[in-house]
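Each reported figure results from applying straightforward, stated rules to the coordinates on display, with no laboratory input. All of these numbers come straight from a predicted model, not from anything done at the bench. Neighbour counts run over all protein chains shown; Cβ positions are idealised from the backbone, glycine included.
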Amino acid sequence: MVRYLTLIKLTDKGVHEIANSVKRAAAFCNEVKAAGGKVTGQYWAIGHIDGAVVFETPDDDTAAKLLLQLAHGGFVRTQSARLFNAEEFQRIVPK
């Protein structure tokens, strides 16, 4: 599985519809699950980001599709980073 950390920033539309944020987050979880992945953490934040989600998908293409669908709704903008656990990272690091 491919793991991502996605930082979330609300758009004006997202702020206006903040009351439905938890409902939309649950819908994203369902979309990830339907695509063969899983959400391992969802968080709301105060500060320069409005939230974060950590999720896994079978491949990069699936993650990209899910993130594009999320942005298409117009409620959020995202910045994502690929995450590696220690074992995965050790395979990458030069010996």
Can you tell me which of VAL53, VAL32 is in contact with a Phe, Trp or Tyr (Cβ under 6 Å, 6 or more places away or on another chain) and either among the β-branched types (Val, Ile, Thr) or over 20 Å from GLN79 (Cβ atoms) (or both)? VAL32
Neighbours by Cβ (under 7 Å, 6+ apart or cross-chain): first from the stretch 16-39, on the phi > 0 side of the Ramachandran plot; second in a helix (DSSP H, G or I): GLY36/THR62
Pull out all pairs, ordered by first then second residue, where Cβ-Cβ is under 8 Å, the residues are six or more apart or on different chains, the first lies in the stretch 64-77 and is charged (D, E, K, R), and the second is assigned to a helix (DSSP H, G or I). ARG77/ALA71
